[in-house]
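Undergrad: Here it is: the structure, laid out below.
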Amino acid sequence: MLTIAALVLSAAPQGPVLSRLARPLPGSSSVLVEERVLDVASGRVLRRASVDGAPVDADATLRDALADLHRRNGKLHPSLVAQFAAGGAHEVAFWLVTPAASRDLRATLDDALAAGVPAEDARRLALRAAEAAVAPGNAAFAAAAAGLGGEVTYRDTLTPVVFVRCGEAIARQLAARADVDLAYWSSPVSLDEGGEASLAAMSAFNEWASRTARTDAVHRRGVNGAGVKVLINDTAPVATTNPFLPPIVAGNTGTVAAHATAVAGIVASRHAPHTGAAPGLAQLHSYGAAGDATAPQAWAWGMQQGISFGNCSWWNGQKGQIQFLDRYFDYIIRTFAVMLFKSAGNQGTGDGKVTTPGCGYNMTASGNATDNNDLDWGGDAMSSSSSWVNPVEGHDKPEVTACGTTITTTTTASPWIGAQGSGTSYASPVTCGIAALLAQTVPVLQAQPETVRALLMAGAFHNVEGASAMSDRDGSGHVDAAASQAAAAKGQFQRVVLTPGSFTGGQYSVTVPLVRGDETRLCAVWFSQADSAYATDVLQMDLDLTVWFGGTLVASSASAANPFEIVQFVPPQTGAYTIRLQNQRFLGASEPLALAWCTRRDAATNEVVVTGSKAPGGMANFEFVDVYHPAASFLGVLSITPPPATLQVGPKKVLDLGFDSVTDLSIQLPGFAGLLGANGRATAVLPIPNLPWLTGLPVYAAMVTIDPTLAEIVEETSPTVSFTIL
């Protein structure tokens, strides 16, 4: 019999279908189809779902299917059932039931931050609370497992997880206990992501991967990652002797490896020109992985050391589905406010599946692009080996893309720099390093991973393939450090903790000011709660996003499975835009939400430098700079009309100055238009009329780079600079 909710959904008014997701029901041959439909009359996003053509309540159907699957399997995850079918003993990760009265540990951390406690110390308070919360249950279960003849290989200190090596009979007996939520196969291996190109096959080595992400623009702003701590959790330790790396703090010992050292260099190399994304890191933390049970030890150590971000450019042989490590990292990210950056995997020429631990909802997975050994985005393309097939749970992966093809970076021996290979292994640390730049810019982001992800996705203007906002292979796009960092510096984000009472009429609204013609990306991010609510890792909150200017719908994003919504649009008018987040599901007591927005003005990387005499009768010197498009056409403009006036210079771009008679004059001045040099620079001289009444007049200057082959013609813009005639 249909539930009331299902009847309501099936009778919902018809309107434009915003999204449609078909996913197999767990443990079943049936397919759950869910659509999000815009009701034109009310402006609300409605849900409708069906299984085999019959209307259903999507949440109840999915919950019941999961419960039935785990009941039939005796609370063994399907991957563990498959391993036992082959016989023998295996290491099993038993995820225990979270006590109903347990306080959300993220609230402990957030309360400390609100009281002014620094991020590292606030996180340590949550770590101590977690230790106290899980110790009794983990100890009791470990004792029971040992009593049955299981070998307890590791008892975690921060999560309700105990690892036991045992056969199927003991595993099933332990899983039947009331305090067990779900039992997973614990993979014994940690593998470098396969598919990296042979070094011998490379004819050219990329110096530009980080700079393709515009990290050098952020470095020129004085931001290089200083004050932020990062963990390189790889298959082996990072070399401690490379002079181009910051000091390495090692959490365990072992033979250092080229792969780990290359990953470290992509994050933090101080070599020129092979500079990492965050060369100002005072140190790097390193921990070598050796199977699923090592990851909890690595991250417990790293968080005690004060890390806010960590990179895992490895996988454990599993892919395409949320496994133990995916759930573990989802829990760690949400609970302790750190972010895992993970390589999406190099399965693109095979089944294309994203690899564990990158299949979870909360970690940020990076796909791999090639920049063809230059800084111009025009020739960039996705690597054919980059994984892109979404997990069976239905959420989109990867979230972002970075360049990780034919990389030259740090090595384990003299001359300490060399060719290291290609793959998502080397894309992910670019994204990780950019996160450090954001956290230096706004230190509170060291404990706001959802905001960091929202800023990264909102700033990813570089569309490598597919739809501009979200597509299969590059996710939300190639990361753009300059855009994301500018948005962070301007405070273009909000982070709140939502409760059921946060929604008025089922919606939570935020108002943001936007400028006509200034293309905008806006991203809302939340996390899964990897506890016992559904006996697995699920999204307890589901929001749909619409953007309104007055009563006009401007943009929408309505995914049925993602922990984010993202839109890209050109504002039709200047003014206040209302972002409506519609509550489609809210199962917990509270959920953090981050909202970030980024505009083409934030992505502006051209520069105008004004020197010389700026007095009446003097000579002002101008330098026009676009280091990413040497020898390109450019145009410099002047104005005496200041912001908030804007000048439209294309269908998606504006300058922060107004058009006036000085602007009309400036575009005819010698040197204010032409070709940039091979170094991406051009100069001009402006004679200032010897008129005393000009003294005190403010003048504004900007530039654009022009590419006639583009539909929008204007390729890059600059921030506006100003000077006063003295």
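The values are calculated or read from the model by the stated rules, or taken from the named source; none is laboratory data. Source: prediction; values computed, not measured. Using ideal geometry, Cβ is built from the backbone for each residue, glycine included, and neighbour counts are taken over all protein chains shown. Keep in mind that these areas ignore ligands, DNA and RNA; they rest on the heavy atoms of the full protein, side chains included. Shrake-Rupley method; radii C 1.70, N 1.55, O 1.52, S 1.80 Å.
Undergrad: Calculate how many DSSP beta bridges within the chain are antiparallel, expressed in % of all such bridges and rounded to the nearest 5.
TA: In the chain, DSSP labels about 85 percent of beta bridges as antiparallel.
Undergrad: Say the dipole of the chain comes from +1 at the beta carbon of Lys and Arg and -1 at that of Asp and Glu; which of 96, 481, 657 then lies farthest toward its positive end?
TA: Value computed over the given set: 96.
Undergrad: Straight-line reach from residue 653: which lysines have Cα under 20 Å away, leaving out those fewer than 8 places along the same chain?
TA: Straight-distance partners of residue 653: 490.
Undergrad: So, with +1 on the Cβ of K and R and -1 on the Cβ of D and E, and no other charges, what is the size of the charge dipole of the chain about its Cα centre, to the nearest 20 debye?
TA: Dipole magnitude for the chain comes out near 920 debye.
Undergrad: Normalised by the residues of the chain, what does the relative contact order come to in percent, with Cα pairs under 8 Å and at least six apart?
TA: With pairs under 8 Å counted, the relative contact order is 10 percent.
Undergrad: Note down, for the chain, the three equivalent ellipsoid semi-axes (square root of 5 times each alpha carbon gyration tensor eigenvalue), biggest first, whole angstrom. Intermediate values should be presented prior to the final figure.
TA: Values: eigenvalues 427, 190, 96 Å².
Semi-axes, largest first: 46, 31, 22 Å.
Undergrad: Still on this model: What whole-number distance in Å separates the alpha-carbon centres of the range 325-363 and the range 474-506?
TA: Using only Cα atoms, the two centres lie 20 Å from each other.
Undergrad: Evaluate the distance, in nm, between pseudo-label points positioned 7 Å from the Cα of residue 631 and of residue 178 along their respective Cα→Cβ axes.
TA: With each label point 7 Å from Cα toward Cβ, the separation is 7.7 nm.
Undergrad: Here is a follow-up. Mind checking the range 423-526 for GluC sites (Glu not before Pro) that DSSP puts in a loop (not H, G, I, E or B) and that have at most 14 other Cβ atoms within 10 Å?
TA: Hits after loop and neighbour filter: nothing returned.
Undergrad: What trypsin sites (Lys or Arg not before Pro) in the range 13-106 are in a loop by DSSP, with at most 13 other Cβ atoms within 10 Å of the Cβ?
TA: 103
Undergrad: Treating cross-link reach as a plain straight distance, find the lysines whose alpha-carbon is under 24 Å from the alpha-carbon of residue 342, omitting any fewer than eight places away in the same chain.
TA: 229, 319, 353, 397
Undergrad: Considering only protein heavy atoms and a probe of 1.4 Å, how much of the accessible area of the range 605-713 is carbon and sulfur, as a whole percent?
TA: The computed percentage sits at 65.
Undergrad: If you place +1 on the Cβ of every Lys and Arg and -1 on the Cβ of every Asp and Glu, how big does the dipole about the Cα centre of the range 40-191 come out, in debye to the nearest 20?
TA: Working: 16 positive and 17 negative charges, 37 e Å.
Roughly 180 debye for the range 40-191.
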